[in-house]
Amino acid sequence: MTALPSQHTPLSAVPTRAEYLPFCRPALGEEEISEVVDTLRSNWITTGPKTKRFEADFAAYLGSPGALALNSCTAALHTALATLGVGPGDEVITTPITFAASANVIEHVGARPVLVDVEPDTLNIDPAAIEAAITPRTKAILPVHFAGHPAELDVIWEIAARKGLEVVEDAAHALPAKFKGRLIGSGRNPVAFSFYATKNLTTAEGGMLTGEPEFLARARIRSLHGMSGDAWRRYGRGGSWRYDVLCPGFKYNMTDIQAALGLWQLRKLARLQQRRREVVAAYQRAFADHPALEIPVERQTVEHAWHLYVLRLRLDALDIGRDQFIEELATRNIGTSVHFIPIHIHPYYRDKYGYVPDDFPAAHGSFCRMLSLPLHPLLSDQDVADVIEAVLDVVRTHRR
Ligand SMILES: Cc1ncc(COP(=O)(O)O)c(C=O)c1O
């Protein structure tokens, strides 16, 4: 343990650890490496048998009616909105506390992203604010399960059913998460997952769209140039060179190299999640009831996927702000991040829609005092102890 400093310590304080602890590392093993090599040696490297198997395994894991593997969550969200026919003149209600992709895809289809504020505890979209933002142009609601904590789906579904709206879930963080005992992605509506390098399951880049099979069949065509047959069917034995272009589709298919990673990551997911939960439990124990820290919540009704551990600072208890807190942790060799810079303060959205930061006070107020601590399955007990010690040391040094 580092001794308690009596005075404010300068930024160059003794590092908590000798080696820099990066914010994230992918938890890939020899199985993934061998499966990728096997794919490379198989002579079939793009969408093929491993992608099909990954789709089937993923759907079985979640109990989804169907699954479509794509090259990102962004691709899955874009394909879902386009397949639903969301377009110019339509509005889609979403949250400012998300990655740019959730709003960008709404712009891509020519619709308007309508942002509404978040709940102060989960930082998920506030259902009451959704209700207030609905207009005759509203076509869909796009909730994001922030950090892996499911949004209030029952209320969102009740509103959607009453108003005749689609629900497209951004589940980039929510594998595996449960709302009232049901796994996110096990329903019939479109749900988009991310397999980006930092995610709970990674294929380096990749995504999955789950939902109803008839919808996914149309989404599959749209995701690959609008073509009636994919390459596996064209170039495989007995395949035909003929195809029809049915719509001006995208080029969003997953490759078998990515799927090779996904097949093993999925088999390991329960074990990887167990380690995430252990890390979270240690953080929660260390930071609970601390006057300068606000820990993340897990409501009784959900099972959190714990993609991110988002700590909020009580700035009135500290003599530094969030940005300097992050620098202090970096000096102590701890990598962190911020999730997210709210959509409405990014120049494109701010200028196009005339937003000011306080349009969404819960979102912006939290942004100013949030940081994400390292959370991944490869963290050792010593790594976790170092993060805790570094956070508490910064707090001790900078208590008001
Ligand atoms: C909430 C959210 N939605 C969508 C995405 C986009 O995912 P991808 O990088 O797989 O396109 C991300 C990526 O980090 C995200 O955090």
Estimate the FRET efficiency between VAL356 and ASP381 by the formula 1/(1 + (r/R0)^6), using the beta-carbon distance for r and 60 Å for R0, to the nearest 0.05. 0.85
As I understand it, the dipole of segment 178-319 uses +1 on the Cβ of Lys and Arg and -1 on the Cβ of Asp and Glu, about the Cα centre. Which of ALA197, GLY229, LEU311 lies farthest toward its positive end? GLY229
For segment 329-386, report the translational diffusion coefficient in µm²/s to the nearest whole number, using Stokes-Einstein at 25 °C, 0.890 mPa s, and a Kirkwood Rh over Cα pairs. 180 µm²/s
For ASP289, ASP121, the accessible-area ranking with a 1.4 Å probe, largest leading, is ASP289, ASP121
Mean separation of Cα pairs under 8 Å and 6+ residues apart, divided by the residue count of the chain: what relative contact order is that in percent? 24 percent
Give the residue list of chymotrypsin sites (Phe, Trp or Tyr not before Pro) in segment 32-98 that are DSSP loop and have at most 16 other beta-carbon atoms within 10 angstrom. none
Amide H neighbours of LEU21 under 5 Å, at least 5 residues apart or on other chains, H built in the peptide plane: list them. ILE334, GLY335
Segment 228-316: spread of alpha-carbon positions along the three principal axes, whole Å, largest first, is 67, 30, 24
Accessible area of the chain divided out per residue, in Å², using a probe of 1.4 angstrom: 42 Å²
Please give every one of the lysines within straight-line cross-link reach of LYS268, meaning a C-alpha to C-alpha distance under 23 Å, and leave out same-chain neighbours fewer than 8 residues apart. LYS50, LYS52, LYS178, LYS199
Give the long-range amide H neighbours of VAL338: residues separated by 5 or more places, or on another chain, with amide H under 5 Å away, using H modelled in the peptide plane at 1.01 Å from N. SER372
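Which chymotrypsin sites (Phe, Trp or Tyr not before Pro) does segment 178-263 hold that lie in a coil by DSSP with at most 10 other beta carbons within 10 Å?
Working: sites: PHE179, PHE193, PHE195, TYR196, PHE215, TRP232, TYR235, TRP241, TYR243, PHE250, TYR252; in loops: PHE195, TYR196, TRP241, TYR243, PHE250, TYR252.
Of the chymotrypsin sites (Phe, Trp or Tyr not before Pro), the ones in loops of segment 178-263 whose Cβ has at most 10 other Cβ atoms within 10 Å are TRP241.
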How would segment 1-136 be classified by its alpha-carbon gyration tensor: rounded, prolate or oblate, with rounded meaning a/c under 1.5 and the a/b versus b/c comparison settling the rest? oblate
Calculate what fraction, in whole %, of the accessible area of segment 78-212 sits on carbon and sulfur atoms when a 1.4 Å probe is rolled over the protein chains. 54 percent
Cα long-axis angle, helix 381-397 against the chain (0 to 90 degrees, to the nearest 10): 50 degrees
Under a 5 Å amide H to amide H cut-off, with H placed in plane at 1.01 Å, what residues pair with GLU91 once short-range neighbours are removed? ARG112, THR138, LYS139, ALA140
HN-Hα J couplings of segment 52-59 from phi, Karplus 6.51/-1.76/1.60, θ = phi - 60°, integer Hz, Gly and Pro as x? 4, 5, 4, 4, 5, 5, 5, 4
How long is the gain from VAL338 to ASP38 if the chain were fully straight, where each residue apart is worth 0.36 nm and the alpha carbon distance is subtracted? 104.3 nm
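Work out, in µm²/s and without decimals, the Stokes-Einstein translational diffusion coefficient of segment 151-213 at 37 °C, 0.692 mPa s, Rh from Kirkwood over C-alpha pairs.
Values: Rh = 12.5 Å.
Answer, rounded: 264 µm²/s.
Counting other Cβ atoms within 10 Å, which trypsin sites (Lys or Arg not before Pro) in segment 163-241 have at most 12 and lie in a DSSP loop? The partial results should precede the final answer.
On the way: sites: LYS163, LYS178, LYS180, ARG182, ARG188, LYS199, ARG218, ARG220, ARG222, ARG233, ARG234, ARG237; in loops: LYS180, ARG188, LYS199, ARG237.
Counting only loop positions with at most 12 other Cβ atoms within 10 Å, the trypsin sites (Lys or Arg not before Pro) in segment 163-241 are LYS180, ARG237.
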Kindly express, to the nearest 10 degrees and within the range 0 to 90, the angle between helix 213-223's C-alpha long axis and the longest C-alpha principal axis of the chain. 90 degrees
Going toward the positive end of the dipole of the chain, with +1 on Lys and Arg Cβ and -1 on Asp and Glu Cβ, which of VAL14, PRO136, GLY164 do you reach last? GLY164
By how many degrees, between 0 and 90 and to the nearest 10, does the Cα long axis of helix 30-41 differ from the longest principal axis of the chain? 30 degrees
Residue separation times 0.36 nm, minus the C-alpha to C-alpha distance between LYS163 and ILE45: what's the value? 38.0 nm
If you wrap a convex hull around the C-alpha atoms of segment 149-294 and split its volume per residue, what is the figure in Å³? 170 Å³
According to a simple spin-label model (label point 7 Å from Cα along Cα-to-Cβ), what is the distance in nm between TYR235 and ARG182? 4.0 nm
Is segment 94-181 best put as rounded, prolate or oblate by its Cα gyration tensor, with a ≥ b ≥ c the root eigenvalues, rounded for a/c under 1.5, and otherwise prolate when a/b is larger than b/c, oblate when not? oblate
Would you list the P(r) distribution for segment 18-60, with all Cα-Cα distances sorted into 10 Å bins from 0 and each bin expressed as a whole %? 22, 36, 25, 13, 3
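Can you give me the orientation-averaged projected area of the convex hull built on the Cα atoms of segment 279-400, in nm²? It would help to have the intermediate numbers written out before the result.
Working: hull surface 35.3 nm².
Value for segment 279-400: 8.8 nm².
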How fast does the chain diffuse by Stokes-Einstein, in µm²/s, taking the Kirkwood radius from C-alpha pairs at 10 °C and 1.306 mPa s? 71 µm²/s
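The values are calculated or read from the model by the stated rules, or taken from the named source; none is laboratory data. Small disclaimer: the values here were computed from a predicted structure and weren't measured. Here the Cβ is made from the backbone with ideal geometry for all residues, glycine too, and neighbour counts use every protein chain on show. Note: accessible area is taken over every heavy atom of the protein model, side chains too, but ligands, DNA and RNA are not part of it. Shrake-Rupley method; radii C 1.70, N 1.55, O 1.52, S 1.80 Å.
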